[in-house]
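Chemist: Please see the structure below; I have some questions.
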Amino acid sequence: MHHHLVREIADDNYALDVISGDPVLVTSPLMVGEPGSEWEGSLIFTKEYLLSLVELGLKHQLLNLQELKTTGSRAGHGA
């Protein structure tokens, strides 16, 4: 059971930084499997949260649309 699933990344709940020369988006690990659950300690991502990550990646130019198209094409042809 999960008490609270985060669906979006709020404007004040992330930071941009550069780590080892790579631009990164830093978020709080709010969605972790609860103690005693099957997913204890695992990070849990909802569809909305993943889309929010992609949106912020595009907004801050960490990703570009061509990269997403290429990734989507690979995923569509994968196993």
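The values are calculated or read from the model by the stated rules, or taken from the named source; none is laboratory data. Owing to the predicted nature of the structure, the values given are computational and were not obtained by experimental measurement. Reconstructed Cβ throughout: ideal geometry from the backbone, glycine too, with neighbour counts over all protein chains shown.
Chemist: Would you check if G72 is farther than 15 Å from Y14 by Cα and either touching a Cys at 6+ places or on another chain (Cβ under 9 Å) or assigned to a helix (DSSP H, G or I) (or both)?
Modeler: yes
Chemist: Taking the criterion of being in a helix (DSSP H, G or I), surrounded by 10 or more Cβ atoms within 10 Å (Cβ to Cβ), of a type in the set (G, A, S) and at pLDDT 85 or above, would at least one residue in the stretch 36-51 satisfy it?
Modeler: For the stretch 36-51, residues in a helix (DSSP H, G or I), surrounded by 10 or more Cβ atoms within 10 Å (Cβ to Cβ), of a type in the set (G, A, S) and at pLDDT 85 or above: absent.
Chemist: Of all the residues that make up the stretch 58-79, how many are aliphatic (A, V, I, L, M) and exposed (fewer than 10 other Cβ atoms within 10 Å of the Cβ)?
Modeler: Number of matching residues: 3.
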